[in-house]
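Here is the structure we will look at, set down as structure tokens.
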Amino acid sequence: NIIAVSLFYIFVGIFEDFLIRGLSLNILLDKFGKTKKGVWLSVFLSSLFFGLIHFTNLMTGASFTGVLIQVISATCIGMYFAAVYLRSGNVWTPALLHGFYDLAVSVSAFFIVNEVVDTTVEYAESISNYSWTNLIIAGFYVFLSIYLLRKNKMKNVLNMVNGKKSEEKS
């Protein structure tokens, strides 16, 4: 059961990143332009879309508070995964990070509720019990996103999204 749940979380993370970062973010970049403003708008909107998708967890019987915190957290970490994608130029990087992040959340939830968290309801409830902690962590991911897409790195990001060779050495 633990292996199945672990693989499930890893594969869900990978699928979501290919859908959100690999597809949605690129569609938004094409729509809003591959400029600094277009990049930030695309990062925010694709991350908001990623977060809002988690409202579907209400249909599983999860509490509104737990799901709302999950939506906010997912939006913030979505910004981080988008920034990682834009800095790396490779969707596999954030996809694998996302998969292992979901696995880590599942494992940590296991220690919180003392059982394998294999349903959305249990996961959302474990989140709502630690709401302030989750929101602080979400803020940290927004900070990381801003750091990764800071002014002196944006030129490299713009070169990458516009198909030009990056000048970044590291």
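The values are calculated or read from the model by the stated rules, or taken from the named source; none is laboratory data. It should be emphasised that the depicted structure is a prediction, and the values quoted were computed from it without experimental measurement. Positions of Cβ are generated from backbone atoms using ideal geometry, with glycine treated the same way; all protein chains shown enter the neighbour counts. Ligands, DNA and RNA are excluded from the accessible area calculation, which covers all protein heavy atoms including side chains. Shrake-Rupley method; radii C 1.70, N 1.55, O 1.52, S 1.80 Å.
Please determine, by comparing only the residues of the range 21-42 that are small (Gly, Ala, Ser) and in a helix (DSSP H, G or I), which one is nearest to His98 (Cα to Cα).
In the first step, residues of the range 21-42 are kept if they are small (Gly, Ala, Ser); the result is 22, 24, 33, 38, 42.
Those left that are additionally in a helix (DSSP H, G or I): 22, 24, 38, 42.
On the way: Gly22: 13, Ser24: 16, Gly38: 24, Ser42: 19 Å.
So, considering only residues that are small (Gly, Ala, Ser) and in a helix (DSSP H, G or I), the one nearest to His98 (Cα to Cα) is Gly22.
One residue is enough: does the range 1-22 have a residue meeting the conditions open to solvent by 60 Å² or more (accessible area, probe 1.4 Å), at pLDDT 90 or above and among the basic types (Lys, Arg)? No, there is no match, as no residue in the range 1-22 is open to solvent by 60 Å² or more (accessible area, probe 1.4 Å), at pLDDT 90 or above and among the basic types (Lys, Arg). Among the residues of the range 78-95, the ones that are part of a helix (DSSP H, G or I) and over 12 Å from Gly13 (Cα atoms) come to 9 in all. In the range 136-145, the residue that is modelled with the highest pLDDT out of those that are surrounded by 14 or more Cβ atoms within 10 Å (Cβ to Cβ) and out of contact with any Phe, Trp or Tyr (no Cβ under 6 Å at 6 or more places or on another chain) is Val142.
Conditions (1) modelled with pLDDT under 85; (2) surrounded by 18 or more Cβ atoms within 10 Å (Cβ to Cβ), marked per residue:
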{"position": "Val117", "(1), (2)": "yes, yes"}
{"position": "Val121", "(1), (2)": "yes, no"}
{"position": "Asn129", "(1), (2)": "yes, no"}
{"position": "Lys151", "(1), (2)": "no, no"}
{"position": "Gly163", "(1), (2)": "yes, no"}
{"position": "Ser166", "(1), (2)": "yes, no"}
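Residues in the range 28-39 that are in contact with a Ser or Thr (Cβ under 6 Å, 6 or more places away or on another chain) and open to solvent by 20 Å² or more (accessible area, probe 1.4 Å) were compared, and the one that is nearest to Ala82 (Cα to Cα) is Leu28.
Hey, does the range 25-47 have a residue that's farther than 27 Å from Lys164 by Cα and either of a type in the set (Phe, Trp, Tyr) or in contact with a strand residue (DSSP E or B) (Cβ under 8 Å, 6 or more places away or on another chain) (or both)? For the range 25-47, residues farther than 27 Å from Lys164 by Cα and either of a type in the set (Phe, Trp, Tyr) or in contact with a strand residue (DSSP E or B) (Cβ under 8 Å, 6 or more places away or on another chain) (or both): absent.
For the range 40-61, name all the residues that are aliphatic (A, V, I, L, M) and surrounded by fewer than 24 Cβ atoms within 10 Å (Cβ to Cβ). Across the range 40-61, the qualifying residues are Leu41, Leu45, Leu48, Leu52, Ile53, Leu58, Met59.
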